[in-house]
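S.K.: Pasting a structure here, questions to come.
The values are calculated or read from the model by the stated rules, or taken from the named source; none is laboratory data. Because the structure is a prediction, the values reported are computed rather than measured. Note: ideal-geometry Cβ built from the backbone for every residue, glycine included; neighbour counts use all protein chains shown.
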Amino acid sequence: MTQGDTAIQDTTVKKERAALAGLAAASMDAAERSDEASMDELWRLTETAGAEPVCTVLQNRDKPDPHSFLGLGKVQELKEAVQNEGCDLVVFDNDLTPSQARVLEEAMGVRVLDRTGLILDIFAQRARTREGKLQVELAQYRYILPRLTGMWTHLKRQAGTSAPIGTRGPGETQLETDRRHIRRRIQKLTEELEQVRRVRGTQRRQRERNAVPVVALVGYTNAGKSTLLNTLTGDSIQTGDRLFDTLDTTTRKLDLAEGGQALLSDTVGFIRKLPTELVDAFKATLEELTYADILLHVIDISNPDWEAQVRVVEDLIARLGAGQTPCLRVYNKCDAYAGRLPAGEDEVCVCARTGEGTGALLYAIGRKLSGELRRVELAIPYAKAALLERLRREANVLDVRYTDEAVRVLAVVRPALREDVRPYEALRDG
Ligand SMILES: Nc1nc2c(ncn2[C@@H]2O[C@H](COP(=O)(O)OP(=O)(O)OP(=O)(O)O)[C@@H](O)[C@H]2O)c(=O)[nH]1
Ligand SMILES: [Mg+2]
């Protein structure tokens, strides 16, 4: 067990008690709105972060109160719950503006955290590798920066037109110093991560040279991606019944059913309302997915909310630019599900824990990969000769003819390369 886990699971340390709050306002975006399922998930997230959730308040109203987010009556009710239950903090299922968070903090007399703040906290506890830590730190600073600004405006507003005594001069200077420090740190982290991306780019090109197809596991957090990777490759990377167990990309060799090999990548799981700060900061990690030849979308079919989870994952895949990548749906935890199992094309049911169904999955991966190989005829302008070099490295080039206007190439390419050569596809005799 690693150090981080000890800290999280140590029961001798008194856990912070948390009240959970959410708003289901009709005017909110469906993805922003809270409901029973997202409150349940918030409960698990709070536990994952190491606190003890004790009560839940969910409000229905037309729209959020611009000042206090919840209506005044609900704020009062929440305050009473906080006092009765002896809570140390309130966690909101929605994102709060910096000023709403402050108003609520003052009203409640305890710390207020929003969903983004909570998820960032979990990521910070989980990050193991240097890259993971850099990415989380970057996301945290991006989250904090506007909130520092808000704190200052708030102090000023409180005293009307002039700043209260003690917050003038040095206070502002301190804040300016903090802000400058954070901006410098953001700059530095961005540069370091850029370097990480370059290294990854090199590794990727290396792989492409070997022409080994890449299969990426994607899916909602806790769907069983890491368990499946272990079962398929005989590895033993960490898994756990917690949200966001995996934050780093792991890649292992995969032997396909009918011979041949692929690389299988596991990575960070998705969740609804995944903070933009994190999506941006984790670009280097998530980018792996856009270079995959096929995606294995792992779905926990034993979760009653699985259909909503599928939508969240598919939205994020599209947002990351991998919406066109061929995909197999892998319904996992079939052992814990009594309903009718899906049996459509490109759908496989497995139990990653016992390995049931994984033979069929390997076969489906192999079939999908070979089915996705395309024979293309290209007309590559002489100005783009570098592309021909790339094809020689990464594809199976069957024929090359030099004509007056272009090099005409017949080749068999993998899906990831297909996208790049698409502009040069030519009709057979065109
Ligand atoms: N019943 C059942 N549980 C499973 C199965 N596969 C995985 N699990 C459990 O589901 C939990 C999550 O598994 P992980 O493999 O860590 O899930 P993950 O998708 O990698 O999760 P994150 O890394 O947190 O996003 C663990 O407790 C697993 O033991 C399965 O086939 N059946
Ligand atoms: Mg995992």
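S.K.: Which of (1) more than 15 Å from ligand 1 (Cβ to nearest atom); (2) hydrophobic (A, V, I, L, M, F, W, C); (3) buried (at least 21 other Cβ atoms within 10 Å of the Cβ) is the odd one out, the single condition Leu289 does not satisfy?
M.R.: (1)
S.K.: If you don't mind, there's one more thing I want to ask. What number of residues in region 14-31 are in contact with a Pro (Cβ under 9 Å, 6 or more places away or on another chain) and either surrounded by 14 or more Cβ atoms within 10 Å (Cβ to Cβ) or not assigned by TED's automatic domain parsing to the domain that holds Leu96 (or both)?
M.R.: 7
S.K.: Can you pull out the helices (runs of 4 or more DSSP H) entirely within region 217-290 that have at least 3 residues that are more than 24 Å from Ile301 (Cβ to Cβ)?
M.R.: 276-281, 283-290
S.K.: Can you go through Tyr291, Tyr220 and tell me which one is hydroxyl-bearing (Ser, Thr, Tyr), in the same structural domain as Val350 (by TED's automatic domain parsing) and more than 15 Å from ligand 2 (Cβ to nearest atom)?
M.R.: The match here is Tyr291.
S.K.: Output the qualifying pairs, or none if there are none: Cβ atoms under 8 angstrom, residues six or more apart or on different chains, first residue in region 397-417 and free of Cβ contacts under 8 Å to residues at least 40 places away in the same chain and assigned to a strand (DSSP E or B), second residue among the aromatic types (Phe, Trp, Tyr) and surrounded by fewer than 15 Cβ atoms within 10 Å (Cβ to Cβ).
M.R.: Ala406/Tyr382; Val407/Tyr382; Arg408/Tyr402
S.K.: Pairs needed: first member in region 226-249, in the same structural domain as Ile299 (by TED's automatic domain parsing); second member anywhere, small (Gly, Ala, Ser) and more than 7 Å from ligand 1 (Cβ to nearest atom); C-beta distance under 7 Å; at least 6 residues apart or different chains.
M.R.: Sorted first by the residue in region 226-249, then by its partner, the pairs are Asn230/Ser236; Thr231/Gly355; Leu247/Ala127; Leu247/Gly132; Asp248/Gly132; Thr249/Ser265.
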